[in-house]
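Take a look at the structure set out below.
The values are calculated or read from the model by the stated rules, or taken from the named source; none is laboratory data. This structure is a prediction, so every number in the text was calculated from the model and none was measured. With ideal geometry, Cβ positions are generated from the backbone for all residues, glycine too; neighbour counts draw on all protein chains shown.
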Amino acid sequence: MARTDLERPEAAVLEIFDAVARLARVEGRAPAQVLPVRRKAHNVPYGVRRRSLEMLDATTLEDVADALTDNATRLVHAIGWEAGVVATAVRQSHLSADGAPGSVVVLEPLGAPGTPEWSLAEHASALVMQSPQHRLDALRNGVPAKLLHVLPPAAPRCPADPPNHPPTDRAPVIAVIGDGLTPIVMDVVERVLRASTDVHLVLAGAAGRDSRTRRFANALRSWPDAMSGRVHATATVTWPLLAKVDGVLDVATQHTVPRAPLAAMAAARAVLALGDRPAAELVRHGETGVCLSGHDPARLAAGLVGVLDDPALLRRLGKAGRARYLREHAPDVRARRLIEVYDSVTD
């Protein structure tokens, strides 16, 4: 758990469906009626079986059909393209004598509306999406409104509960996360490092991997040692990393689900979001985080420096963000919302 890549969709899936099963038992339901299926965590040959206790890891037709051999009516929640293909195939292959499907399919596409996985919408009893913007995009692409259910995303619970805060007697450390490490973002990073001579920045996850490309590596090498020595990179966003930073700056592209910023909220770390990035939907400016609007690198950098120079503000934002996470984005919260969706398609 400690080394879980918190940018991956799998990070919260197990906890969410564990919560679904637990709530089902409490309410006297049959938890086996919900069969969660997700895309593979790693590329493995079809036919290779990789199972965990609560769910199927390999989205192969053989595995899913094997789990449905008793022909009971099941609810299959499929996450991602590969899982959706398998779930709809199972639904079509398990027909009763009168032609009715033997399973109910709830699809949760991970790509933006209009990508191929949305072509499966006609086979689903419901589609789960993670933002109102995705719902609007789906409507524009012709998906019937009655199928659409907006459920805010969730992040796994932080292993340290309550999370510890970094010491205040050291220089601030900010993690830069997301897949949008553009030249403008690098310009902002450079300006922050020039303006604040003690801050350290960790390019993490997708941003860390992108920083190793030739274009960005050359830019880093062109900076003075006093600046480049305060820039670090790591290929994943993990709980140990979040425990060491004071906040995160999200630079993800528009249609990315803000999984790592949610994990930062779970860890009581301040979330700093550019105004047009997904994490901006998570934070209330000045209350649970900071939204920096506009495209002027000088203005964005000045806004960041102002926050970094106020450790008390970073802590207050982190604590408020964690409170919002517990109210709206914890696994148990999403599990309850999922059960409401399941009820709506099985009643």
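Points to keep in mind about this one:
- Of the residues screened, residue 268 is one that is assigned by TED's automatic domain parsing to the domain that holds residue 177, part of a loop (DSSP other than H, G, I, E, B) and in contact with a Pro (Cβ under 9 Å, 6 or more places away or on another chain).
- Residues that are touching a helix residue (DSSP H, G or I) at 6+ places or on another chain (Cβ under 9 Å) and in a helix (DSSP H, G or I), drawn from the stretch 240-265: 242, 259, 260, 261, 262, 263, 264, 265
- Subset of the stretch 1-41 [aliphatic (A, V, I, L, M), outside any loop (DSSP other than H, G, I, E, B) and at pLDDT 60 or above]: 11, 12, 13, 14, 16, 19, 20, 21, 23, 24, 26
- Of residues in the stretch 153-197 being modelled with pLDDT of 90 or more, small (Gly, Ala, Ser) and more than 21 Å from residue 235 (Cβ to Cβ), the one surrounded by the most Cβ atoms within 10 Å (Cβ to Cβ): 154
- Of all residues in the stretch 200-251, exactly one satisfies the criterion of being farther than 25 Å from residue 160 by Cα and in contact (Cβ under 8 Å) with a residue 60 or more places away in the chain, namely 251.
- Residue within the stretch 321-333 that is at pLDDT 95 or above, closer than 16 Å to residue 178 by Cβ and not aliphatic (A, V, I, L, M) present: no
- In the stretch 268-288, the residues that are at positive phi and buried (at least 21 other Cβ atoms within 10 Å of the Cβ): 268
- Test: residue in the stretch 222-237 that is buried (at least 21 other Cβ atoms within 10 Å of the Cβ) and either more than 29 Å from residue 19 (Cα to Cα) or in contact with a His (Cβ under 8 Å, 6 or more places away or on another chain) (or both): no
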